[in-house]
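See below for the structure under consideration.
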Amino acid sequence: MKVSFHRRFGGPEVLEWIERPEPTPGPGQILVRVRATTVSAADWRALTNTFPGGVRLVAGARFGYFTPRHTVLGNDFAGVVTALGPGTTRFDVGDAVVGQTGLRFGTHAEYVLVPEARGLAKKPENLSFEEAASLPFGGVTSLSFLAAAKLAPGAEVLVNGATGAVGSAAVQISKHLGARVTAVCRTEHTELAKTLGADEVVDYTRDDFAKVGRSWEVILDTAGTATYGRVKSVLRPNGRLLLVNGTLADGLRAPWVAMTSDKRIVVAGAAPVEDPMEQLVRLADRGALRPTVGRVLAFAQIADAYREVASGHKLGSTVLSVG
Ligand SMILES: NC(=O)c1ccc[n+]([C@@H]2O[C@H](COP(=O)([O-])OP(=O)(O)OC[C@H]3O[C@@H](n4cnc5c(N)ncnc54)[C@H](OP(=O)(O)O)[C@@H]3O)[C@@H](O)[C@H]2O)c1
């Protein structure tokens with residue numbers, strides 16, 4: 001099978017194609033022929049060894065300090081089950097599925113081995129493989145951070161960076177949970193933000209949301225620009241700042257903020273009570289969550305996909321059609 005591989009950190013130029021034997025599923029494992037995957041912000045960070053301020057110190061344990069720990073990246077996939085390991089019961093050969101390998105990566109390949117018990121669900125029939133592959137990265141992250149925020153119905157939520165992979169899911173899931181949502185994005189993306197369900201949109205190229213005279217119970221930041229210092233005055237009492245893209249300094253500040261104020265900084269999501277993939281699929285089945293597909297490229301164009309992700313301004317998910 002064809003695999004996108006890298007042996008050192010760097011830009012898309014370090015990627016190479018290699019051939020590997022098709023894996024055989026062991027006990028509890030499923031083999032999936034990948035039809036679509038994505039290049040996510042996590043893939044770009046893992047490839048280039050680039051992390052927000054200070055986070056590299058701790059991220060090195062998972063991603064490698066000097067050489068990559070994960071040489072085949074990719075953590076979303078949609079595809080078809082082609083083989084079942086001993087003891088599996090949930091899926092059949094031929095099932096269309098969607099899933100996430102998380103920080104185990106490995107989906108930038110024609111086949112991926114996954115445990116049937118975790119991170120795998122039947123693909124919603126109303127979604128193409130490309131759409132389904134766009135669900136997990138932003139969806140699981142949003143579910144997990146919003147679970148940590150314990151949103152009350154009617155809560156005022158601001159999503160900073162509302163039209164990328166995480167933000168586009170966070171807007172829709174917040175609405176589904178009954179929140180009133182303010183989306184922050186640039187001019188070209190304001191119509192999309194409204195389509196996602198945002199009640200209000202702030203164009204960050206014209207206005208600073210922290211200075212428009214409004215306040216929120218929850219601020220979810222995917223852009224890395226909503227530092228506590230910038231937003232604390234617009235966080236309501238008991239407000240929560242969900243730093244999906246936070247720095248190490250923000251993480252270290254969190255306990256101090258919790259001790260000295262009525263506000264909270266959240267730097268990691270809560271584990272959702274149920275399997276997050278099943279939750280996402282249910283939301284997608286009901287039409288409560290529409291994956292936001294940005295560009296779709298052929299697997300062979302993976303380097304171009306990384307260049308798109310590197311911009312920090314992509315729309316939704318950048319998808320690779322694996323065929
Ligand atoms: N901690 C975790 O568990 C976790 C999980 C997933 C992702 N992440 C991190 O979260 C971040 C976002 O991931 P993603 O996949 O959503 O990335 P993405 O698709 O590239 O989205 C980034 C968003 O930031 C917006 N943006 C850029 N500059 C902005 C500014 N000055 N003000 C407001 N918005 C701005 C962009 O909007 P415009 O296009 O409108 O500029 C875009 O919507 C990444 O850094 C990723 O590593 C962390």
### Task
Identify the single condition in (1) on the phi > 0 side of the Ramachandran plot; (2) near the ligand (Cβ under 10 Å from one of its atoms) that ARG45 does not satisfy, given that it satisfies every other one.
(1)
### Query
For ILE173, which of the numbered conditions (1) within 14 Å of the ligand (Cβ to nearest atom); (2) more than 28 Å from GLU278 (Cβ to Cβ) fails to hold?
(2)
### Query
Just to be sure, is ASP304 open to solvent by 40 Å² or more (accessible area, probe 1.4 Å) and either modelled with pLDDT under 95 or not assigned by TED's automatic domain parsing to the domain that holds GLU16 (or both)?
no
## Note on the structure
Condition set within 13 Å of GLY28 (Cβ to Cβ) and not polar (S, T, N, Q), scope region 87-113, selection surrounded by the fewest Cβ atoms within 10 Å (Cβ to Cβ): answer is GLY87
### Query
Mind checking which pairs have a first residue in region 218-238 that is farther than 16 Å from ALA149 by Cβ and a second that is part of a strand (DSSP E or B), Cβ under 6 Å, 6 or more apart or different chains?
ALA223/ASN160
#### Entry: Checklist (1) touching a residue at least 40 places away in the same chain (Cβ under 8 Å); (2) more than 16 Å from the ligand (Cβ to nearest atom); (3) touching a Phe, Trp or Tyr at 6+ places or on another chain (Cβ under 9 Å) applied to THR37, failing item
(2)
### Query
Within the set of pairs 6+ apart or on separate chains, which have a first residue in region 291-311 that is over 21 Å from GLY139 (Cα atoms) and of a type in the set (D, E, K, R), a second that is open to solvent by 50 Å² or more (accessible area, probe 1.4 Å) and within 16 Å of the ligand (Cβ to nearest atom), and C-beta atoms under 9 Å apart?
ASP304/ARG295
### Task
Restricting attention to region 143-152, report how many residues are part of a helix (DSSP H, G or I) and open to solvent by 30 Å² or more (accessible area, probe 1.4 Å).
1
### Message
Regarding region 114-123, can at least one residue be identified that is open to solvent by less than 10 Å² (accessible area, probe 1.4 Å) and in a loop (DSSP other than H, G, I, E, B)?
### Response
no
### Hits in region 18-46 (condition: among the hydroxyl-bearing types (Ser, Thr, Tyr) and surrounded by fewer than 23 Cβ atoms within 10 Å (Cβ to Cβ))
THR24
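The values are calculated or read from the model by the stated rules, or taken from the named source; none is laboratory data. Every value quoted in this text rests on a predicted model; they were computed, and no experiment measured them. So basically every Cβ, Gly included, is an ideal-geometry build from the backbone, and we count neighbours across all protein chains shown. Only protein heavy atoms, including side chains, enter the accessible area calculation; ligands, DNA and RNA are left aside. Shrake-Rupley method; radii C 1.70, N 1.55, O 1.52, S 1.80 Å.
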